[in-house]
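Below: one structure, written as structure tokens.
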Amino acid sequence: MARHSKNNTASSIFTYGEKQKLKEYGTLKQRIGQDSQRKFEMCHLCLHKVENPRCCEQGHIFCNDCIVEYLVNEKKRLKKINEEYEDKCKLIESKKGEEVQRNKEKFIENYERIENITNLKKKPKEVVESNEDDEIIKKIKNSQLNSLMSEKSELIKENFWIPETNIKPKDILGERPSDKLLCPAVRTHTINYKKTYKAIFCEDTEKNFVCFSCKKEMKYQKVQMGKKCGHVFCKMCMEKLCLKENKCMVCNSQIRKEDLISITEGYTSFIMHNNVEVEKYQPAFVG
């Protein structure tokens, strides 16, 4: 009795039935659960609940100790990178100077050798075996060569397959490294400790962050804080209560719309976008 076509394994190709039996073939996908998402009260550096929270101008919250430690270490790292770049620049410049000096010495040596050979040829009685010297003179005086100071790499630069003309990675200078401190949360904007602001959260009996006004737990809703006072409200309470009278309902300090910072909310499986799957590419099947 003939087997069904999709389960037929007698052919030389990789059939549909065989593909279904292999669980780790091709691209694997897995949905990201809530435990894999950053919660609202987590620090972007240590991923623990924030202590003495500070917020950057783009709304990323950090522990005070974490952001100070990051800025200190990042400054040291950037300083070291820039020093290595400067040393590399000096090394390349010194190599160029040595190469120029070496070419000049070769030029003088070849020139003196030509002059000596021509002086010997002027003497009719002396027999000089100068076959090799004649070839040297022809090569040096050849019109195809640029000059006596031409480097060998320049003369054969069209022959790209010759290893001598290849540029080594250590000889590539590259672009000057940046000395700007980037925010560790997204690394798309600069950060400075003076431009981070202290955030004051209201906590309930279970130590959860809640809004000062509505007392709702802050998880996934939009959250805003004022730069001057640092009190954190949900966006709805901020617009209806604080911005309506232009003052904070906790400390009565002045609040303007341009002084508000929107704090990055917590992530779930349905926030930001619907593409919450991780893809892993396995090697293709080889029969």
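Residues 265, 245: which one is at pLDDT below 90 and over 20 Å from residue 44 (Cβ atoms)? Give the derivation first.
Details: 265 fails: over 20 Å from residue 44 (Cβ atoms).
Of 265, 245, the one residue that is at pLDDT below 90 and over 20 Å from residue 44 (Cβ atoms) is 245.
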Those residues of the stretch 212-233 which are buried (at least 21 other Cβ atoms within 10 Å of the Cβ) and more than 16 Å from residue 255 (Cα to Cα), in sequence order:
218
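Collect the residues in the stretch 229-271 that are under 17 Å from residue 54 (Cα atoms) and assigned to a strand (DSSP E or B), keeping them in residue-number order. Walk me through how you get there before you give the answer.
In the first step, residues of the stretch 229-271 are kept if they are under 17 Å from residue 54 (Cα atoms); the result is 229-233, 259-266.
Within the stretch 229-271, 231, 232, 233, 260, 261, 262, 263 meet the criteria.
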Residue 192: passes all of (1) surrounded by 13 or more Cβ atoms within 10 Å (Cβ to Cβ); (2) modelled with pLDDT of 90 or more but (1)
What is the number of the single condition among (1) within 30 Å of residue 218 (Cα to Cα); (2) within 26 Å of the chain's Cα centre (by Cα); (3) among the polar types (S, T, N, Q) that residue 52 does not meet?
(2)
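Of all the residues that make up the stretch 1-43, how many are within 30 Å of residue 220 (Cα to Cα) and either at pLDDT 75 or above or assigned to a loop (DSSP other than H, G, I, E, B) (or both)?
Filtering the stretch 1-43 for residues within 30 Å of residue 220 (Cα to Cα) gives 28-43.
When the remaining residues are screened for being either at pLDDT 75 or above or assigned to a loop (DSSP other than H, G, I, E, B) (or both), the result is 32-33, 37-43.
So the count comes out to 9.
Count, please, the residues in the stretch 213-228 that happen to be assigned to a loop (DSSP other than H, G, I, E, B), farther than 19 Å from residue 58 by Cβ and out of contact with any helix residue (DSSP H, G or I) (no Cβ under 6 Å at 6 or more places or on another chain). Spell out the reasoning first.
Initially, the stretch 213-228 is screened for residues assigned to a loop (DSSP other than H, G, I, E, B), giving 213-216, 218-222, 227-228.
Of the ones still in play, those that are also farther than 19 Å from residue 58 by Cβ are 213-216, 219.
Subsequent filtering for residues that are out of contact with any helix residue (DSSP H, G or I) (no Cβ under 6 Å at 6 or more places or on another chain) retains 215-216, 219.
Summing the residues that are assigned to a loop (DSSP other than H, G, I, E, B), farther than 19 Å from residue 58 by Cβ and out of contact with any helix residue (DSSP H, G or I) (no Cβ under 6 Å at 6 or more places or on another chain) in the stretch 213-228 gives 3.
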Out of curiosity, is residue 190 in contact with a Lys or Arg (Cβ under 7 Å, 6 or more places away or on another chain) and among the polar types (S, T, N, Q)?
yes
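In the stretch 195-211, how many are assigned to a strand (DSSP E or B) and of a type in the set (Lys, Arg)? Before the answer, list the steps.
From the stretch 195-211, those assigned to a strand (DSSP E or B) are 197-198, 200, 202-203, 209-210; that's our starting set.
Narrowing the set further to residues that are of a type in the set (Lys, Arg) leaves 198.
The total comes to 1.
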So residue 72 fits all but one of (1) among the β-branched types (Val, Ile, Thr); (2) modelled with pLDDT under 90; (3) closer than 30 Å to residue 267 by Cα; what number is the exception?
(2)
Got at least one residue in the stretch 150-173 being of a type in the set (D, E, K, R) and either on the phi > 0 side of the Ramachandran plot or modelled with pLDDT of 75 or more (or both)?
no
Counting only residues in the stretch 248-259 that are touching a Leu at 6+ places or on another chain (Cβ under 8 Å) and either at pLDDT 90 or above or aliphatic (A, V, I, L, M) (or both), the one surrounded by the fewest Cβ atoms within 10 Å (Cβ to Cβ) is identified as 249
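Evaluate the stretch 44-52: report whether one residue or more is in contact with a Cys (Cβ under 6 Å, 6 or more places away or on another chain), of a type outside the set (A, V, I, L, M) and either at pLDDT 90 or above or surrounded by fewer than 11 Cβ atoms within 10 Å (Cβ to Cβ) (or both). Can you show your working first?
From the stretch 44-52, those in contact with a Cys (Cβ under 6 Å, 6 or more places away or on another chain) are 45-46, 50-51; that's our starting set.
Cutting the leftovers down to of a type outside the set (A, V, I, L, M) gives us 46, 51.
So of that shortlist, the ones also either at pLDDT 90 or above or surrounded by fewer than 11 Cβ atoms within 10 Å (Cβ to Cβ) (or both) come out as 46, 51.
The answer is yes; a qualifying residue exists.
Give the stretch 53-80 a look and list any residue that's loosely packed, with under 13 Cβ neighbours inside 10 Å and of a type outside the set (D, E, K, R), or say none. Walk me through how you get there before you give the answer.
Initially, the stretch 53-80 is screened for residues loosely packed, with under 13 Cβ neighbours inside 10 Å, giving 72-73, 75-77, 79-80.
Residues satisfying the conditions are 72, 73.
Results for (1) surrounded by 12 or more Cβ atoms within 10 Å (Cβ to Cβ); (2) modelled with pLDDT of 85 or more; (3) more than 30 Å from residue 195 (Cβ to Cβ); (4) of a type in the set (Lys, Arg), shown as yes or no for each residue.
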{"residue": "83", "(1), (2), (3), (4)": "no, yes, no, no"}
{"residue": "106", "(1), (2), (3), (4)": "yes, no, yes, yes"}
{"residue": "119", "(1), (2), (3), (4)": "no, no, yes, no"}
{"residue": "128", "(1), (2), (3), (4)": "no, no, yes, no"}
Kindly indicate whether residue 213 is more than 24 Å from residue 40 (Cα to Cα) and of a type in the set (Ser, Thr, Tyr).
no
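The values are calculated or read from the model by the stated rules, or taken from the named source; none is laboratory data. Keep in mind it's a predicted model, so treat the numbers as computed, not measured. Neighbour counts are summed over all protein chains in view; Cβ atoms, including those assigned to glycine, are modelled from backbone coordinates with ideal geometry.
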